[in-house]
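This report refers to the structure that appears directly beneath it.
The values are calculated or read from the model by the stated rules, or taken from the named source; none is laboratory data. Remember, it's a predicted structure, so these values are computed and weren't measured experimentally. Cβ: placed from backbone, ideal geometry, glycine included. Neighbour counts: every protein chain shown. Keep in mind that these areas ignore ligands, DNA and RNA; they rest on the heavy atoms of the full protein, side chains included. Shrake-Rupley method; radii C 1.70, N 1.55, O 1.52, S 1.80 Å.
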Amino acid sequence: MRKNIFALFILLVLSGFSTVNAMNIQYALKMPKPQNHYFEVEMLIEDYKEATLEVKMPVWAPGSYLVREFAKNVNLVKAFDEKGNTLTVQKTNKNTWKIQKGNAKSVKVKYEVYSFELSVRTSFLDLTHGYVSGTGVFMYIENQQENKGKLIVYPYSGFKKISTALPKAKEGMASDGAETFEFSNYDQLVDCPIEIGNHIEFSFQSAGVNHRVAMYGDGNFDVEQLKKDMAKITATATQVIGENPNKEYLFIIHNVVDGQGGLEHINSTTLSVNRWTYQGGEYIGFLSLVAHEYFHLWNVKRIRPIELGPFNYDEENYTSMLWVMEGFTSYYDELLLLRAGYYTQEQYIQKVLSGLNYVEGSEGSRVQPVAHASFDAWIKSYRPNENSANTTMTYYSRGGLLAAVLDAKIVAKFNGKKCLDNFMQKLYQDFYKKLIRGFSEAEFQKALSDFMEEDMSAFFRDYVNDTRVPDYKSIFAPVGLKVEYIGNAKPSFGASFSQSNGKAMVKGIRVNSAAENAGLSVNDEVIGYNGYRVEAGDLDGIFAGLTPGESINLLISRDDVLLEIKAIMGSYERPIYKMTFDNNEKTLKLRNYWLR
Ligand SMILES: [Zn+2]
């Protein structure tokens, strides 16, 4: 956001204030009948010079790398001049409406948005509350995203509270409950989700920031406990970079049955969690989500690849660096909990180990480099299919593991005087603060090499752009961790099953497995084994009792055709590692610095 304001300022100075279209834009958001799930939006556009204008609905929500086609929810797009005369509106592609403005002094665009998908990246409205994820509700005017403007929210008469990180305008709240907000540019407008309803809101101070928490829905939370824990986590996160760029920060939390995680914004976040997540063993998962989304206010919202802002809302924004944005953030979400005292070193190491075993134990790790996983997030990670386990590896997990690898290397190389924090600080200072922009992949590589005082190109060649297995043993030994490979071959058929209406269905086939070699496919229904009928739930037990080389006869139904499948039981060595503390005086010092 700062980038855009600054860029606009430079443009104004260079252009002598002549070329920028000093247009006024004001949005109105209405919801008179929430039970219909329609937000009504009006855009009042004044001082727009051209005879035609195009309004567009984004196709995606930044932070969630999938084309969602938000225009599919838009109906009744109409435009009027200042006298109320109808202007011609023509749809020119899936998300663009062209308006014949002619000589009109102002244009009012009206439309409605069906909003019935409650997630952190979509919008929702019913009689209990409204949630606005801006990219799915507010259209923008082509080539005018840099304009500042106002938003007036007219809450439904039964809704008494509006929570958003958008700054309030001096107009404040009107007697009918309508409240006016300001935005510096379109990016800011849609980067501030809005919760409207009768939720509770509480606040806490930490790291010099006033944090507000808007809680939609009941749950087993204890507000005082949340204030304490969230203050600790936000303060610990701030220490990583050493500076918190926000004065205000808003958490919007949706307490629902089916919690879906979070989405980061520059000075707010929305979390969607199970409403009973706040007690017992699940609570640490909630705190980890808080740490994750909060850390994003630096990593991805400010420390970022050049491709991720200002955004192109019209199509995919490709970057090969989500492994840094999501992977490093995933590394820090657990590390912050360790630093804040929620894990012991032993517990934390188990987290690192389970990440390592997940990554190295997955077939997809040997197929998809983490840079490719990032680039293809739009079509692979966000659109998985039954074969994804064989061909993909998430940039969250492998990126998080590479962050641990780099952290250990940094701690060892600089003898406990520097860690990954210092590299993140460098990125924040060199790009966000000094250059006021993101970095290219080449700039990131150079920054890491400069920081490490050595050429890091082999790291990128082998582990980022290829799928080689790092030498974990030598990487973690200097920081007091002994890594041992303990994988060995075990009997394996290579198919996984699910139960559907009492039927045993094949849901996954491991590449090069006995199941694949025999010709079993996903969605086959297994009916018989070696001449006997089998029930759903029998199969895992049957295969667990077989030894490699035994013959298997399966009767299956594929598309209602009965087929016999002959297989030979196989074996499979899933890579698996063990980590233990192994210290001398020096490595103990480094481990205690790393896991402080
Ligand atoms: Zn994330």
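Things to note:
- Filter result (open to solvent by less than 20 Å² (accessible area, probe 1.4 Å) and among the charged types (D, E, K, R)) within the range 184-228: Asp187, Asp191, Glu195
- Yes/no for Val132 being out of contact with any helix residue (DSSP H, G or I) (no Cβ under 6 Å at 6 or more places or on another chain) and within 20 Å of Pro34 (Cβ to Cβ): yes
- Test: residue in the range 61-72 that is over 30 Å from Tyr395 (Cβ atoms) and away from the ligand (no atom under 16 Å from the Cβ): no
- Search result, residues across the range 380-415 that are part of a loop (DSSP other than H, G, I, E, B) and more than 15 Å from the chain's Cα centre (by Cα): Pro384, Asn385, Glu386, Asn387, Thr392, Met393, Phe414, Asn415
- Listed by first and then second residue, the pairs with beta-carbon distance under 7 Å, at least 6 apart or on different chains, first residue in the range 327-350 and in contact (Cβ under 8 Å) with a residue 40 or more places away in the chain and assigned to a helix (DSSP H, G or I), second open to solvent by 40 Å² or more (accessible area, probe 1.4 Å) and within 11 Å of the ligand (Cβ to nearest atom), are Gly327/Tyr396; Ser330/Tyr396.
- Hey, Ala235 small (Gly, Ala, Ser), closer than 16 Å to Glu293 by Cβ, open to solvent by less than 60 Å² (accessible area, probe 1.4 Å) and touching a Leu at 6+ places or on another chain (Cβ under 6 Å) or not: no
- Pairing residues of the range 427-450 that are open to solvent by less than 10 Å² (accessible area, probe 1.4 Å) with residues that are assigned to a helix (DSSP H, G or I) and at pLDDT 95 or above, at Cβ distances under 6 Å and at least 6 apart in sequence or on separate chains, gives Tyr428/Ile241; Phe439/Phe431.
- Checking each residue of the range 325-343 against the condition of being more than 16 Å from the ligand (Cβ to nearest atom), of a type in the set (Val, Ile, Thr) and closer than 28 Å to Ala477 by Cβ gives no match.
- When Tyr156, Tyr131, Tyr186 are screened for being touching a Pro at 6+ places or on another chain (Cβ under 6 Å) and among the aromatic types (Phe, Trp, Tyr), only Tyr156 passes.
- Those residues of the range 273-310 which are open to solvent by 10 Å² or more (accessible area, probe 1.4 Å), outside any helix (DSSP H, G or I) and polar (S, T, N, Q), in sequence order: Asn274, Thr277, Gln279
Residues are listed down the side, and each one gets a yes or a no for (1) surrounded by 16 or more Cβ atoms within 10 Å (Cβ to Cβ); (2) under 20 Å from Arg510 (Cα atoms):
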| residue | (1), (2) |
| --- | --- |
| Gly531 | no, no |
| Leu539 | yes, yes |
| Pro548 | no, yes |
| Asn553 | no, yes |
| Asp560 | no, no |
| Arg574 | no, yes |
| Tyr577 | yes, no |
| Glu585 | no, no |
| Arg596 | no, no |
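- Matching option when the condition is among the aromatic types (Phe, Trp, Tyr) and over 19 Å from Ser288 (Cα atoms), among Tyr216, Tyr249: Tyr216
- Counting only residues that are assigned to a strand (DSSP E or B) and either modelled with pLDDT under 95 or more than 38 Å from the chain's Cα centre (by Cα) (or both), the range 533-580 holds 17 of them.
- Qualifying residue in the range 411-418 (condition: buried (at least 21 other Cβ atoms within 10 Å of the Cβ), out of contact with any strand residue (DSSP E or B) (no Cβ under 6 Å at 6 or more places or on another chain) and not β-branched (Val, Ile, Thr)): no
- Members of the range 538-576 that are hydroxyl-bearing (Ser, Thr, Tyr) and touching a Gly at 6+ places or on another chain (Cβ under 8 Å): Tyr572
- Long-range neighbours under 8 Å by Cβ, at least six apart or interchain, first residue at positive phi within the range 290-306, second within 11 Å of the ligand (Cβ to nearest atom): Val300/Gly63; Val300/Glu264; Val300/Met325; Val300/Glu326; Val300/Thr329
- Lone qualifier among Ala79, Ala71 - being out of contact with any strand residue (DSSP E or B) (no Cβ under 8 Å at 6 or more places or on another chain) and either open to solvent by less than 50 Å² (accessible area, probe 1.4 Å) or assigned to a helix (DSSP H, G or I) (or both): Ala71
- Just one of the listed residues (Lys589, Lys566) is touching a helix residue (DSSP H, G or I) at 6+ places or on another chain (Cβ under 8 Å) and open to solvent by 70 Å² or more (accessible area, probe 1.4 Å), namely Lys566.
- Neighbours by Cβ (under 6 Å, 6+ apart or cross-chain): first from the range 391-407, open to solvent by 10 Å² or more (accessible area, probe 1.4 Å); second of a type in the set (D, E, K, R): Thr392/Lys380; Tyr396/Glu326
- Annotation: of all residues in the range 254-272 being among the β-branched types (Val, Ile, Thr) and within 16 Å of the ligand (Cβ to nearest atom), the one that is most open to solvent (accessible area, probe 1.4 Å) is Ile266.
- Unique residue being under 27 Å from His199 (Cα atoms) and free of Cβ contacts under 8 Å to residues at least 40 places away in the same chain when the list is Glu40, Glu112, Glu117: Glu117
- Test for Ala477: is it closer than 30 Å to Asn415 by Cβ, surrounded by fewer than 17 Cβ atoms within 10 Å (Cβ to Cβ) and of a type outside the set (Asp, Glu): yes
- Flag if Glu315 is away from the ligand (no atom under 15 Å from the Cβ) and not in a helix (DSSP H, G or I): yes
- Residue in the range 337-358 that is over 14 Å from the mean Cα position of the chain (by Cα) and under 30 Å from Asn143 (Cβ atoms) present: no
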